[in-house]
Amino acid sequence: MKVTCIFLLFAVGIFCYSANAEIGASDEKEPVCERYHLPACTRNYDPICGTDGVTYGNECLLCNENRKRNLHIRIKKSGTC
């Protein structure tokens with residue numbers, strides 16, 4: 001009985017760990033550039049960290065950079081890098 005309980009706890013622990021690892025790997029998201037009238041962006045400060053390691057003042061500025069330089073920078077996380 002004890003061996004079964006230990007095995008089940010171990011299996012649940014591995015399952016939870018592997019689920020968290022997959023979620024962490026796909027945190028990057030695609031910017032929604034269609035909602036902005038580029039190249040004019042508002043000056044609201046809502047920083048995001050791009051996959052290039054640069055902090056952009058808002059999502060529109062990241063989209064504008066992608067458009068100007070023909071890049072494909074994604075959103076790594078909200079906030080500064």
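Read-outs throughout are calculated quantities, based only on the coordinates presented, and are distinct from any laboratory measurement. Every value quoted in this text rests on a predicted model; they were computed, and no experiment measured them. Don't worry about glycine lacking a Cβ; one is built from the backbone with ideal geometry, like all the others, and counts go over all protein chains shown.
Using the per-residue mean of other Cβ atoms lying within 10 Å as a proxy for protection, in what order, highest first, do the peptides 40-53, 61-74 fall?
Averaged packing, sorted descending, gives the order 61-74, 40-53.
Multiplying the sequence separation of Asp27 and Ala40 by 0.36 nm and subtracting their Cα-Cα distance, what value in nm do you get? All intermediate terms of the calculation are to be shown ahead of the outcome.
Numbers: separation 13, 0.36 × 13 = 4.68 nm, distance 2.77 nm.
Between Asp27 and Ala40, full extension yields 1.9 nm more.
Rounded, prolate or oblate: which fits the stretch 33-74, taking a ≥ b ≥ c as square roots of the Cα gyration tensor eigenvalues, rounded meaning a/c under 1.5, else prolate when a/b beats b/c?
Values: a/c = 2.01, a/b = 1.08, b/c = 1.86.
Here the stretch 33-74 falls in the oblate category.
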